[in-house]
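Shown next, in structure tokens, is the structure this report addresses.
The values are calculated or read from the model by the stated rules, or taken from the named source; none is laboratory data. Remember, predicted model here, so these are calculated numbers, not experimental data. Please note: Cβ atoms are built from the backbone with ideal geometry, for glycine as well, and neighbour counts cover all protein chains shown. Keep in mind that these areas ignore ligands, DNA and RNA; they rest on the heavy atoms of the full protein, side chains included. Shrake-Rupley method; radii C 1.70, N 1.55, O 1.52, S 1.80 Å.
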Amino acid sequence: MAAVEARDVSIYYEGQKAVEGVSFTLEEGETLLLLGPNGAGKTTLLRTVGGFHREYRGELKVFGLSPGDAGEFVVYVPQSFSLNERVPLRARDVVAMGRLYRRGFVHFRIGKALIERALEVLDFVGLSEVADKPFSELSGGQKQRVLLARALLSKPRLLLLDEPLSALDPSARADVVAVLGKIKREMGVTMMITTHDVNPLAELGDKVMLLNRRLVAFGSPDEVLRDEIIARVYGPLARAIRLEERFYCIIGDTHLHGREGR
Ligand SMILES: Nc1ncnc2c1ncn2[C@@H]1O[C@H](COP(=O)(O)OP(=O)(O)OP(=O)(O)O)[C@@H](O)[C@H]1O
Ligand SMILES: [Mg+2]
């Protein structure tokens, strides 16, 4: 059974089509890099797969279930995470809170087993030493890794990560990518990761989707990351480069060129 199977899926906001006719299959354990310019529909597709947005047509299955019914297997980590930083939460509280939210608790009661599990996942992402530090005092890369730890708390089979590298400097990016690689290898979790820049994630991608309101391309990195394909979205100066079995892109300034599908 595939982790995600989409057949001719179109997604709407109040009757207005945002994403049109997307078909793809993601097998369990695979990582998909979802690439496309602003407004391409990346977040929309991710939220629809996660069961958070229900206005779609076509067939969409997550582990053979409708997205709403697959909720217990799926964790969505949004593009921006806001936390009232005046509330003095420690890193481990932020991790444990993920589970409390899922259970729908209003008041926090963090039990011993939950604390142990939170410390375990913090260790997995390499952050044992900051478990008791206030979340607000962590670096951007550490915060993102805390959010990954929190996502792992409920042992998901599918992780939906919306731009997990945005606003991070190269060294923090490398730390986060290393954790994502560990999640993939050691836990076998299926991942869909949206990004504007495929390059830092090149080592992770089994599949690449190029989305620009419609599906421009879907396939293995060597099938999708080709000059003639990325040029359809990013203009004639876009280049795909192969370095030691991996594929990278130079896409320059997308605003200089027309975009397809507008
Ligand atoms: N809540 C909403 N209500 C109405 N339209 C929306 C809503 N969210 C997104 N859209 C529209 O859907 C389209 C796709 O938006 P989406 O946020 O999915 O793109 P994206 O690829 O994630 O862009 P970005 O790279 O900027 O994050 C856009 O035209 C956007 O205006
Ligand atoms: Mg988005």
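Taken over the stretch 79-96, the criterion of being in contact with a helix residue (DSSP H, G or I) (Cβ under 8 Å, 6 or more places away or on another chain) and within 16 Å of ligand 2 (Cβ to nearest atom) is satisfied by Q79, F81. Figure legend. Inter-residue proximity from the stretch 51-66: first residues under 17 Å from G29 (Cα atoms), second residues open to solvent by 20 Å² or more (accessible area, probe 1.4 Å) and among the acidic types (D, E), beta-carbon distance below 6 Å, spacing 6+ or different chains. Indicated pairs: K61/E5.
Checked against (1) of a type in the set (S, T, Y); (2) within 23 Å of V19 (Cβ to Cβ); (3) at pLDDT below 95, S139 passes all but condition (2).
Restricting attention to the stretch 159-203, the residues being hydroxyl-bearing (S, T, Y), touching a residue at least 40 places away in the same chain (Cβ under 8 Å) and surrounded by fewer than 20 Cβ atoms within 10 Å (Cβ to Cβ) number 1. Scanning the stretch 33-56 for residues that are more than 10 Å from ligand 1 (Cβ to nearest atom) and of a type outside the set (G, A, S) turns up L33, V49, F52, R54, Y56. When the test is whether a residue is at pLDDT below 95, surrounded by 13 or more Cβ atoms within 10 Å (Cβ to Cβ) and under 28 Å from H196 (Cβ atoms), V125 does not pass it. Would you check which residues across the stretch 11-61 are open to solvent by 30 Å² or more (accessible area, probe 1.4 Å), within 16 Å of ligand 2 (Cβ to nearest atom) and either within 18 Å of the chain's Cα centre (by Cα) or at pLDDT below 95 (or both) and list them? N38, G39, T43, R47, F52, listed by residue number.
When L46, L26 are checked against the criterion of being in contact with a Ser or Thr (Cβ under 7 Å, 6 or more places away or on another chain), among the aliphatic types (A, V, I, L, M) and under 19 Å from M1 (Cα atoms), L26 stands alone in meeting it.
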